[in-house]
Structure formats: structure tokens, C-alpha cells
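**Student:** There's a structure below that I have some questions on.
The values are calculated or read from the model by the stated rules, or taken from the named source; none is laboratory data. Here the structure is a predicted model, which means the values were calculated and not measured. Reconstructed Cβ throughout: ideal geometry from the backbone, glycine too, with neighbour counts over all protein chains shown. These accessible areas exclude ligands, DNA and RNA; they are computed on the full protein's heavy atoms, side chains included. Shrake-Rupley method; radii C 1.70, N 1.55, O 1.52, S 1.80 Å.
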Amino acid sequence: MRKNDKRKSREKRGSSVTLLWGGRFKKPLSEEALRFSSSFDVDKHLWKHDILGSIAHAIMLGEVGIIDASEAKKIVKGLVDLMRDIKTGKVVLEGSDEDIHSFVERKLRDYIGETAGKLHTARSRNDQVATDFRLWCRDTIRQLAEAISKMQQALIDQAEKHIDTLLPGMTHLQHAQPVRLAHHLLAYFWALQRDLERLMDLLPRVNVSPLGAAALAGAGLPINPQRIAPLLGFSETAKNSMDAVSDRDFACELVFICALTMVHLSRLAEEIILWSTPEFGFVTLDDTWCTGSSIMPQKRNPDIAELVRGKTGVVIGALVQLLTLLKGLPLTYNRDLQEDKAIVFNAVDTTLASLSVMSQLVVTATFNSERMRQALRGDFSTATDLADYLVQKGVPFREAHSIVGRLVLHLSEKSKGLEDANLDDLKLFSEKFDADALNLLAPEESVERRKELAGTAKRSVQRQLKQAKAKLEQTRKWLRSFPAISEQIQRVLGK
Ligand code: ARG
């Protein structure tokens, strides 16, 4: 074997692929070990972020003079061309590369030859993958915020249509007190708002540049990490190189937010599933968002909502997977960390897809106001109002509670509801009842007494709707000022 060939075969290591670290080995990595350890199938989704990170790195290397300005230019141009060709499909993300970083460097060599070998100066895949992943999580935060806003808008749209629709509010899944449907739906708006605010809170912790940490101890060449950070739209640089390459807290936080968002969607899904049964009949799903049965011709099943509820388990599982992956790792980088991306990608994809289907399912659903109103008949859900009436006449609440309880028992034994009661029925239990007490028994009256902060009275719900819309506007504003790749790189990319 000629000397040159020997070097090449050592660099190759795997028989069909160039590895980034062949030099110190005599024999190639076994094909099976390569297949087992390759992350390319998963981390190829980071291709754009990987190329962007490399463009910023090359610009910085050229500026500080670690490589010639002309070499930096050549590398940047090669990377821009590669990005364009991947976008158009001319270059396909396939091969037996170890990971996306190896793929990009291999392809870059096809474009610009040996100069490609200078790109990885003063950088390790350890800080590189952390950079790519953080850029990806940043994009994801924006996508999730947009998807949550859409879901919130769907709830607002339905709430606006149903300010005057009343239904039994429940505790223990038993009729408790009448509420407006708008109030019920907006409860989910606020849960999702908290998810959104958690994303906003997370953003500055994600938006930190690890580049310059290199393998773990920091780069040994006079690079300028403070220069790379703004190029990529990062708002700061990592404070400790060892933490920079081993930290995945940002991914855990993101998956937690996904899991909790899914829990919120799942609770809504559960209600929709219940409400669409003939026993409830509160909601009819649009044909486009429910499914049939292969054997029973009459069926209309809420499969989409059921799947959201089911997939919630998968996303909660992802959080446990990720925390378990991390808990035993010594500092700093360990290859276990490679497993993080599949977990996070899956959790995020599932959450985005669930938000999308749920917002469409909700906005196209028909809520059956008449049926909801009927469900309030004879359900004693205004009993608390009657107790409050006695309190206003000076009866201690405990006693009032007992009086009304006995009245309810009496009426239900006669198969009557509160609305069927007359003054004589009331007087049987307390002399304090006057004719005006009968006016309290309509659900329409009951909801209107709940005007205080956050209650279900019309004015209160209208105020709430206004507040919800203001929050949506705040989110839009936040999205408009979202961190982005620098204009300098945008220009290089021809944007
Ligand atoms: N594919 C690897 C990952 O996702 C990239 C970093 C590899 N670093 C290493 N030292 N082997 O974690």
C-alpha cells in the first residue's frame, strides 16, 4: 500500500465512510458499531442549524486571523451553496455518516476541497451539537408559541359565540353550579397562557451560545466567542465551558412545557370525548374531525381527541426519558447525550401536531346550547344561591347549608327540581324564605350573581375575554421581537 493510501484507509475507518477521527486507529470501526452509534438519521433534522453555526464559526475564524480571510470566505460560500442545494433537494440528507456534523463537513469538501478541513479549527462536536440543539430549541419555542396562540384563538372564537350559553359547571363530575360556556372554555385559555409564559421565560436560558467551549475546557486558540454569539442571535455566551457542553437543562424545560401543554390539551380532549356522548350531547364534532367504525355503520368516534389524550402519555414519558438519561452522567460530554435529540424531537412534534388538530377540532365543533340548558333542569345547581339568600337574611351559613340540603332531599324524593318548588315548599324548611327567593332559582340569575373577579357573570366573562385578547396581542408583540440570526448572516445567505 502506498503511504497516501494507508493514510486514507485510516481516515476512512468505516469501510464506506470518512470519520472525523481516524488517525490514531490501526483498524476501521466495525460496520455494526458505526450503525449502532450513528445519530445521522435523527440529527439530520439539525442540518440548517449546523450549517448556520458553521458559517458563524468560519466568519469568526477569519476575522481573528486563525484562518485567512480568503479561506473563511471560501468556507462560508461552500456552506451557503450546500444549504441552498439541500433546500432545493439537489443534495439529499443521506449516507452512512456518523452524524450531521460529519455529513456537512464531507459535503463541504466536495464543494471547496481541502479547505473544508479548516472549518473545525478551535471547535469540537461537543460545543457544536450544543449550539445546533439550542438554535433548534429556539426555533421550536417560536413554533410552539404560535401553535398555542392559535389554540387560544380557537377557544376565544367559540367563547365569543357562547357568552349566553349556560351549562352545569361540575366538581367531581357532578353538577355543581351553572356557568357560561364561554367561562368554561376560557379556563383552558388561561392554562395555555401559562404554558406560553413558561416558553417566554425559557427563551433567555436557551439563547446562550456554547461555541468556544470546544471539547470541554475551552478553545486553545485565540477565538472570539463573543463575536459568534450575536452572529447567531444568541443573547449571551456560556459562563463555564464544562457546563456548556454537558448542560441539557434547556431541553428538559422545553419537554416539561410540552408535557404540561399536552396535559392541558388532554383534559380538554377528555371533556370533548365525554361531551360528545349521547348521554351528554353537549357537543357535535365536525365530520372532518371525527371518524367512523369499520363494522358499525352508525358510529361517529372522537378518535382525534382520544389520540391527543393518548399521545400525552408519550410526551410525559419523554420527560422521564430525558431526566433519566441525564441523571447519572459525570461531567462533561458523554455519548449518552446523543439520545437526547430523538426524545425531544418526538415530544415537540407530538405537541405541535396535537395543538394543530385540537385548535381545528375546537373551532369547527358545534356546542349544543339547548342540550346544555336542558341539563340544568332539575339538577339543583342553584342550591348554593338559596343558601346565600338565607345568609343575607342573617342565618349562619352552616345552618343555611343544612336547611337547603333538607329542602333538596325533600324535593328529590318527590321527583321535583328546585325550579318546581313553590313558596310553601321553601317555608317548610325556613320561615326566612319569602317570595323573592323563588327568583333565585333560575340558572340565568345564578350566573349573574357571580360578578366578582373571575366569576361567570356576563360582565365578568366579557372582561375576561378582553384580557385574553390583550394577552394574545402581547404574544404577537413578543413574537415580533423574537431573536434571529444576524443580518450579516442573512445577507450572506442572500436573504
Ligand atoms: N452525535 C453527537 C451527539 O449528538 C455529536 C457529538 C459527538 N461528540 C463526541 N465526542 N463523540 O451528541
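**Student:** Calculate the length of the line joining the C-alpha centroid of the stretch 408-470 to that of the stretch 213-249, in whole Å.
**Tutor:** So the two Cα centres are separated by 62 Å.
**Student:** What FRET efficiency comes out for residue 388 versus residue 470 if R0 is 56 angstrom and r is the Cβ-Cβ distance? Round to the nearest 0.05.
**Tutor:** On the way: r = 32 Å, r/R0 = 0.57.
E(calc), rounded to 0.05, equals 0.95.
**Student:** Could I ask something else about it? Write down Rg/Rh for the stretch 351-414, rounded to two decimals, with Rg from the C-alpha atoms and Rh from the Kirkwood relation over Cα pairs. Mind showing how you got there, number by number?
**Tutor:** On the way: Rg = 19.8 Å, Rh = 15.1 Å.
Value, to two decimals: 1.31.
**Student:** Heavy atoms only, probe 1.4 angstrom, no DNA, RNA or ligands counted: give me 45, 57, 175 ranked by accessible area, highest first.
**Tutor:** On the way: 45 110, 57 5, 175 75 Å².
Reading off the accessible areas and sorting them downward yields 45, 175, 57.
**Student:** Among the listed pairs 161/451; 27/74; 161/471; 107/477; 26/341; 341/471, give every one whose C-alpha distance is greater than 29 Å.
**Tutor:** Numbers: 161/451 20 Å; 27/74 34 Å; 161/471 19 Å; 107/477 39 Å; 26/341 32 Å; 341/471 32 Å.
The pairs that break the limit, which is 29 Å between Cα atoms, are 27/74; 107/477; 26/341; 341/471.
**Student:** Can you tell me the order of 437-449, 316-328, 248-260 when each peptide is scored by its average per-residue count of other Cβ atoms within 10 angstrom, highest first?
**Tutor:** On the way: 437-449: 17.5, 316-328: 15.8, 248-260: 21.8.
My ranking of the peptides, most packed first, is 248-260, 437-449, 316-328.
**Student:** Further, regarding this structure: Percent of accessible area on the stretch 93-150 owned by carbon and sulfur, 1.4 Å probe?
**Tutor:** On the way: 750 of 1830 Å².
That fraction is 41 percent.
**Student:** Can you check what the net charge comes to around residue 376, using other residues whose Cβ is under 14 Å from the Cβ of residue 376 (Lys, Arg +1; Asp, Glu -1)?
**Tutor:** On the way: positive: 180, 371, 373, 377; negative: 164, 370, 379, 385, 419, 420, 444, 445.
With Lys, Arg at +1 and Asp, Glu at -1, the neighbours total -4.
**Student:** What do you get for the angle between helix 3-12 and the principal long axis of the chain? Use alpha-carbon atoms, 0 to 90 degrees, nearest ten.
**Tutor:** Tilt of helix 3-12: around 10 degrees.
**Student:** Relative to the longest principal axis of the C-alpha atoms of the chain, give the angle of the C-alpha long axis of helix 303-327, reported between 0 and 90° and rounded to the nearest 10°.
**Tutor:** Taking Cα atoms only, the helix is inclined about 50 degrees.
**Student:** What accessible area per residue comes out for the stretch 269-420, rounded to a whole number of Å², with a 1.4 Å probe? Mind showing how you got there, number by number?
**Tutor:** On the way: 7660 Å² over 152 residues.
Result: 50 Å² per residue.
**Student:** Within 9 Å, Cβ to Cβ, of residue 86, how many net charges do the neighbouring residues add up to if Lys/Arg are +1 and Asp/Glu are -1?
**Tutor:** On the way: positive: 48, 84, 87, 90, 107; negative: 85.
Summing Lys/Arg as +1 and Asp/Glu as -1 gives +4.
**Student:** Would you mind checking the stretch 349-376 for residues with the amide N under 20 Å from a putative spin-label position 7 Å along Cα→C-beta of residue 277?
**Tutor:** 366-376
**Student:** Let me ask something else. Write down the accessible area per residue of the stretch 17-160 in Å², having rolled a 1.4 Å probe over the full set of protein chains. It would help to have the intermediate numbers written out before the result.
**Tutor:** Working: 6000 Å² over 144 residues.
Ligands and nucleic acids excluded, the figure is 42 Å² per residue.
**Student:** Between residue 371 and residue 146, what is the spin-label point distance in nm, taking each point 7 Å from the Cα along the Cα→C-beta axis?
**Tutor:** 3.5
**Student:** Let me ask another. Taking the 0 to 90 degree range and rounding to the nearest ten, how far is the long axis of helix 340-364 tilted relative to the main principal axis of the chain, both from C-alpha atoms?
**Tutor:** Helix 340-364 sits at roughly 40 degrees to that axis.
**Student:** Which semi-axis lengths, in whole Å and largest first, follow from the square roots of five times the eigenvalues of the Cα gyration tensor of the chain?
**Tutor:** Working: eigenvalues 780, 105, 75 Å².
Gyration-tensor ellipsoid for the chain: 62, 23, 19 Å.
**Student:** Tell me, how many Å apart are the Cα centres for the stretch 312-369 and for the stretch 250-302?
**Tutor:** Here the two parts' Cα centres lie 18 Å apart.
**Student:** Considering only the other residues whose Cβ falls under 9 Å of the Cβ of residue 177, what net charge follows from Lys and Arg at +1 and Asp and Glu at -1?
**Tutor:** Details: positive: 450; negative: 385.
That works out to 0.
**Student:** Same structure, new question: Measure off, as a whole percent, the carbon and sulfur share of the 1.4 Å-probe accessible area of the stretch 375-449, all protein chains present.
**Tutor:** 52
**Student:** Right, here's the next one. For n ≥ 4 DSSP H runs only, could you compute -39500 (n - 2.57) per run for the chain, divide by its residues and tell me the 222 nm figure to the nearest 500? Don't skip to the end; give the middle numbers.
**Tutor:** On the way: 20 runs with 299 residues, N = 495.
That comes out to -20000 deg cm²/dmol.
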